[in-house]
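For reference, the structure discussed in these notes is given below.
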Amino acid sequence: MTDQSAPLTLFNSLTRALEPFVPVHPGEARVYSCGPTVYNYPHIGNMRAYVFADVLGRTLSWKGYALTHVINITDVGHLTDDADAGEDKLEKAAKANAQSIWDIARHYTQAYWADIAALNIRQPAHWSIATDYVPAMIEFAQSIADKHCYELPGGLYFDVSTVADYGKLARAATDEGEGRIEQVEGKRHQADFAIWRKTPPGETRQMEWDSPWGRGAPGWHLECSVMSGKLLGFPFDIHTGGIDHREIHHPNEIAQNQAFCCAGSLTDPANSGARMWMHNNFLVERSGKMSKSSGEFLRLQLLIDKGYHPLAYRLLCLQAHYRSELEFSWEGLGAALTRLKRLVMAVAQLKERAEPGVDVSGWQAHAKLAPLVARFDAAIAEDLNTAVALTVLDEAVALKKIDPALKLAAIGAFDSVLGLNLLTLSRTDLRLRPKAATVTEDEIAQKIAARHEARAIKDFAQSDALRDELAAQGVDAMDGDPLGWDWRLG
Ligand code: AMP
Ligand code: ZN
C-alpha cells in the first residue's frame, strides 16, 4: 500500500485559511476553472493559471478522487476592463482585424489548446464554450431578475445589496476596483454590474441574441455562474482562477450563485456556489505586470522559438508555490531547462539498466521508497507544495543500490502529479533548435564526434579549433558533463 494518507489541505480564498478538502459528493472532486478570453494569444502568465489547475486536478486524482474538471472558453462578454467598462474584447479584436468574431475566437481557442497540450495539461472533462450556453444564461438571469436585478437603458443590472456578504472574497478593499467601474446613470450601487448588456440603439454587434431585456449579449460573470452550475451542480467543490479574479469576477459570480440558489450568508462557503475558491498568484516580468500588448509578448511559442522546451516552463512554475508571485527571467527558465534535462537523462540511464520483465508491483513497500512516497504525498497534500515535491523526486532519482525498475516506478508515480512527462520525454525532444539557429543537428553531431576523436589522441589544437568553430555557430561544447550532455545551443 502506498502511503498516500496525508490529509489534503487547500487554501480557500473565501475564508483566507487552509482547510481540509471534504468533497461534496463522496469520492468525487468537481472543479471549475475560469478559462481564457480568446481575443488574443495567451501569454505564459495566463498559462500559469492552467498549470496550477492541472496540478490541482492531478493531486485530486492521486488522492483517489474521481475528478470532473471544467474549463470554459470565453468567446463573448468579457469587456476590456473587468470592472464593467469598455468594449467587448472580442468585438474589439474583430474590428481591429476586420475579421469575423467567430474566426477570431476559433483561431485563438486553437492556439490556447496547443499551449495546453505542449504543457502536458490534462484535458478537462468539458471545455465549455460560452456562446453555446446563451439560452441557459437567459434562463438563469430570468430566474433571478425579479428579486435581484433592475433594468436600465444599457441592460439588466445586478443589485449587490440583495445578497448577503457581497464582496467577501475580495475583502472589500475596493477603492481601486470601484474607481475603474463605469459610471452608469441609474445604477443603485457602485458595485452593481450588468448581467445582460443591450446592444445600443442603432448599433449591431456581430454576436447578439434576443432576450427579455432586448437584443444584446450576456455579461462575463453570468457565463461562469451558468456553465459551472450546469455542468457541476451547485455547490461543487473548487472554483479556480488567477488572483485578479478574486477582486471582481468571482465576487460577482458568487453574488449571482447566491441569488440563483436562494442561499444565505457566506459564513457557509457552500452558499457561494463552490466550497472552495482557489487563486494562483501572477507571473510577473521584472518590469512589472505581464501584458499582451507591451514589450516582448511572452507567448509559449516565443520560448519554443528560442530553444526552450515548453515543459521547462512547466517546471519553472512548479518550482514556486502557486500562491507566490513568480518573476519570469530567461536565466530562471534556462536553469529549469537544465534541471529537466538532468531528470530526463537520469531516466534514460535507468531505462538502459532496467531488466525487462522485473515485477515492480510492490515498489511502494520498498524500504528506501516508502518514506519518499510518504514525504511526496505530505508535500502535495499541503496546499500543493510542488517545490518540496520536486526535491523528493530528486532524492528518488539519486537513490543508490536499488533496482532501476523500482526507481522508475516511483518516478512515474510522482510524475503523475507533476506532469513533466519524465518517462517518455527524450533527450532529443528537449533539444529544440532556436528558430534563429543556422546549424543543423547533424553538423553539430559530426563536429562533436570529430572533437572526441581529437581529444582521444590528445590533439588538443584540433579539439580547440573544433570547439571554436562550434562556438561561432552558437553551439557550446560541454566537456565532462556528468550526464553526457555534450552540447547545447548557446
Ligand atoms: P484571461 O484570458 O485574461 O481571462 O485570463 C486567463 C487566466 O489567466 C485567468 O485565470 C487570469 O486570472 C489568469 N492570469 C492573467 N494574467 C496572469 C498572470 N500574469 N499570471 C498568472 N495568471 C494570470
Ligand atoms: Zn470565470
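The values are calculated or read from the model by the stated rules, or taken from the named source; none is laboratory data. Just so you know, these numbers come straight off a predicted model, no measurement behind them. Using ideal geometry, Cβ is built from the backbone for each residue, glycine included, and neighbour counts are taken over all protein chains shown.
Which of the residues that make up the stretch 253-265 are surrounded by 22 or more Cβ atoms within 10 Å (Cβ to Cβ) and either part of a loop (DSSP other than H, G, I, E, B) or within 14 Å of ligand 1 (Cβ to nearest atom) (or both)? Before the answer, list the steps.
Filtering the stretch 253-265 down to residues surrounded by 22 or more Cβ atoms within 10 Å (Cβ to Cβ) leaves 253-259.
Within the stretch 253-265, just GLU253 meets the criteria.
Only a single criterion out of (1) within 16 Å of ligand 1 (Cβ to nearest atom); (2) among the hydroxyl-bearing types (Ser, Thr, Tyr); (3) under 24 Å from ALA53 (Cα atoms) is not satisfied by SER272, namely (1).
Would you mind listing the strands (runs of 3 or more DSSP E) fully within the stretch 13-92 where at least 1 residues are surrounded by fewer than 18 Cβ atoms within 10 Å (Cβ to Cβ) and aliphatic (A, V, I, L, M)?
17-20, 66-73, 85-88
Within the stretch 233-252, work out how many residues are of a type outside the set (Asp, Glu), surrounded by fewer than 24 Cβ atoms within 10 Å (Cβ to Cβ) and either more than 22 Å from ILE138 (Cβ to Cβ) or more than 16 Å from ligand 1 (Cβ to nearest atom) (or both). Summing the residues that are of a type outside the set (Asp, Glu), surrounded by fewer than 24 Cβ atoms within 10 Å (Cβ to Cβ) and either more than 22 Å from ILE138 (Cβ to Cβ) or more than 16 Å from ligand 1 (Cβ to nearest atom) (or both) in the stretch 233-252 gives 7. Listed here are the helices (runs of 4 or more DSSP H) enclosed by the stretch 299-398 that have at least 1 residues being over 28 Å from MET276 (Cβ atoms) and of a type in the set (Gly, Ala, Ser): 310-318, 330-353, 369-381, 386-398. In this structure, LEU56 does not qualify as over 17 Å from the mean Cα position of the chain (by Cα) and either on the phi < 0 side of the Ramachandran plot or away from ligand 1 (no atom under 16 Å from the Cβ) (or both).
Tell me, please, whether a residue that is within 16 Å of ligand 1 (Cβ to nearest atom) and part of a loop (DSSP other than H, G, I, E, B) can be found in the stretch 147-165.
From the stretch 147-165, those within 16 Å of ligand 1 (Cβ to nearest atom) are none; that's our starting set.
Taking every residue of the stretch 147-165 in turn, none turns out to be within 16 Å of ligand 1 (Cβ to nearest atom) and part of a loop (DSSP other than H, G, I, E, B).
A single member of VAL344, VAL358 is in contact (Cβ under 8 Å) with a residue 60 or more places away in the chain and either closer than 20 Å to ASN421 by Cβ or of a type outside the set (Asp, Glu) (or both), and it is VAL344.
Scanning the stretch 436-490 for residues that are of a type in the set (D, E, K, R), at pLDDT 80 or above and assigned to a helix (DSSP H, G or I) yields ASP442, GLU443, LYS447, ARG451, GLU453, ARG455, ASP464, ARG467, ASP468, GLU469. Of all residue pairs spaced 6 or more apart or on separate chains, those with beta-carbon atoms under 6 Å, a first member in the stretch 410-427 that is under 14 Å from LEU390 (Cβ atoms) and a second member that is part of a loop (DSSP other than H, G, I, E, B) are ILE411/LEU422; ASP415/LEU422; GLY419/ASN120.
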